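Quick notes on the structure that follows.
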Amino acid sequence: APTSHLNISVGGMIGKYSVDENTLGDRNRYTVGVWYDDGKYFFKGETVYGKTDRKESLGAYALTGFWFRQDMALALRADRFNRDISSKDNAVTKLDLCFSHVVSKAFRYRLQYSRTFLSGKQTNTISMGVSLRFSTSSAH
C-alpha cells in the first residue's frame, strides 16, 4: 500500500493588506504540495503562486532523502523563488545537501552545504544547526 504514506495538500489565502493608512491592497496565495514518508525514504514538494496587487510571484521546492540508519539521514533540497514572474532577473535558486543526526529525543544536529544562485552570482555556505528539546513530555 504505497499510497498509505502519501499526503497531498491544497491551500489558498485570499485577503487584503494595508498599503498605507487609507488604502488596502489585494494579497492572494495558492499552493499545492505532496509529502511521502515511509520511514526510510521521504519526498516533499510544494509550489506557491502569489499575487500582490498586480505583481505575480512563483515559488517551488522539492526535498528528497533517506534514513540510512534509524537516527541518520541524507537529504537534497532544491528551491526556486521568483518574486516577480514578469522578470527573470530576480529569481533565486538554492540547492542544499544535508546530513541529519538524531542523537536523542532532546538533541539533534544538522550539517548543511548550500549553493545559491541569484542574478548571475553564486554563493556557497556551510552551516550547522542544533536542536535542543527542553521537554521530553509527549504532550508538547
* Residues that are under 13 Å from the mean Cα position of the chain (by Cα) and surrounded by 14 or more Cβ atoms within 10 Å (Cβ to Cβ), drawn from segment 72-91 -> A75, R77, A78, D79, R80, F81
* **Selection within segment 92-140 - without any contact (Cβ under 8 Å) to a residue 12 or more places away in the chain and either over 16 Å from D71 (Cα atoms) or open to solvent by 80 Å² or more (accessible area, probe 1.4 Å) (or both)** => G120, K121, Q122, T123, N124, S135, S137, S138, A139, H140
* Exactly one condition in (1) surrounded by 12 or more Cβ atoms within 10 Å (Cβ to Cβ); (2) over 15 Å from the mean Cα position of the chain (by Cα); (3) among the basic types (K, R) is not met by R69; state its number. => (1)
* Asked: Looking at segment 45-115, what strands (runs of 3 or more DSSP E) fall wholly within it and have at least 1 residues that are more than 30 Å from R133 (Cα to Cα) and out of contact with any strand residue (DSSP E or B) (no Cβ under 6 Å at 6 or more places or on another chain)?
  -> 55-69
* Determine, yes or no, whether Y36 is in a strand (DSSP E or B) and in contact with a helix residue (DSSP H, G or I) (Cβ under 9 Å, 6 or more places away or on another chain). => yes
* Please verify whether segment 26-40 includes one or more residues that are at pLDDT below 95, surrounded by fewer than 13 Cβ atoms within 10 Å (Cβ to Cβ), closer than 30 Å to Q70 by Cβ and over 15 Å from the mean Cα position of the chain (by Cα). => yes
* Exactly one of (1) at pLDDT 95 or above; (2) among the hydrophobic types (A, V, I, L, M, F, W, C); (3) under 27 Å from N28 (Cα atoms) is unmet by L76. Its number? -> (3)
* Check on Y41, aromatic (F, W, Y) and closer than 30 Å to M128 by Cα -> yes
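The values are calculated or read from the model by the stated rules, or taken from the named source; none is laboratory data. As the structure is a computational prediction, the values presented were derived from the model and not from experiment. No Cβ is skipped: glycine too gets one built from the backbone with ideal geometry, and neighbour counts run over all protein chains shown. For the accessible areas, the whole protein counts, side chains as well, though only heavy atoms, and no ligand, DNA or RNA atoms are used. Shrake-Rupley method; radii C 1.70, N 1.55, O 1.52, S 1.80 Å.
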